[in-house]
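*Asks:* Here it is, the structure in full.
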Amino acid sequence: MFKIMIVEDDIKIREIILENLQKWGFDGLYVEDFGEVFNTFVKYEPHMILMDINLPSFDGFYWCNKIREVSKVPIIFISSRNTNMDIIMAMNMGGDDFVQKPFSLDVLMAKINAILRRTYSYSNIEANVIEHNGATLNLKDSTILYNEEKLDLTKNEFKIIYILMQNSGSVVSRDKIMRSLWEDESFIDDNTLTVNVNRLRKKLSDIGLSDFIQTKKGQGYIIL
């Protein structure tokens, strides 16, 4: 089932859109805390976003830009602002379409269906990010984002934190991590793993993620 996230300040409009999406068989969610748009996106993992421009605190252009840092998910702007400059900005910021208020629900649904078919017909529907306690791991460019700080990871660092975040709350043995690092046939011994983990911990600490990776003596590592 396709998941669609609604970022709309007008309560009546977002409820009408949500009701219509559900009639079409979509799973819908609208944002209520407009300071948590990005975090809601990461947790909900929608296949499309309907984004108003005029929002409390930060506008839709800002949130579109933040989401584009980690994802190519389709974004349709919905707004009463209809100047050429608004439409051009929406497209330049990464929007896929623009719907002017007041709008026809039939036209909106036609646009949603067309973009979903075009985007997902020939590709797997998979999340591009993993989120845990405010840290967002981008699977496409091997970066981790925390409190507005983005960190570039080496190949081995990415593999280590990827397997730990995939199994957050569970201990991952050193052997399992080393096997994942051996996939490219470059031998990683026990001491090399320790060096890689320590280097990764230092990097994470530099962006505020101290003690993100914890050691379970005699067992392995865990992210809680």
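The values are calculated or read from the model by the stated rules, or taken from the named source; none is laboratory data. Computed from a predicted model, the values in this text were never measured in an experiment. FYI the Cβ positions are ideal-geometry reconstructions off the backbone, even for glycines, and counts take in every protein chain you see.
*Asks:* Which number in (1) touching a strand residue (DSSP E or B) at 6+ places or on another chain (Cβ under 9 Å); (2) over 26 Å from Thr143 (Cβ atoms); (3) of a type in the set (A, V, I, L, M, F, W, C); (4) free of Cβ contacts under 8 Å to residues at least 40 places away in the same chain marks the one condition that Phe34 misses?
*Replies:* Condition not satisfied by Phe34: (2).
*Asks:* Taking the condition closer than 19 Å to Val129 by Cα and surrounded by fewer than 18 Cβ atoms within 10 Å (Cβ to Cβ), does Asp211 pass?
*Replies:* Criteria not met by Asp211.
*Asks:* Just to verify a result, which residue in region 25-61, among those that are at pLDDT 90 or above and among the hydroxyl-bearing types (Ser, Thr, Tyr), is nearest to Glu8 (Cα to Cα)?
*Replies:* By that ranking, first place goes to Tyr30.
*Asks:* In region 91-107, which residues are in contact (Cβ under 8 Å) with a residue 24 or more places away in the chain and in a helix (DSSP H, G or I)?
*Replies:* The answer is Leu105, and nothing else.
*Asks:* Also, quick follow-up: Would you check which residues across region 25-81 are exposed (fewer than 14 other Cβ atoms within 10 Å of the Cβ), in contact with a helix residue (DSSP H, G or I) (Cβ under 8 Å, 6 or more places away or on another chain) and under 25 Å from Pro102 (Cβ atoms) and list them?
*Replies:* Asn54
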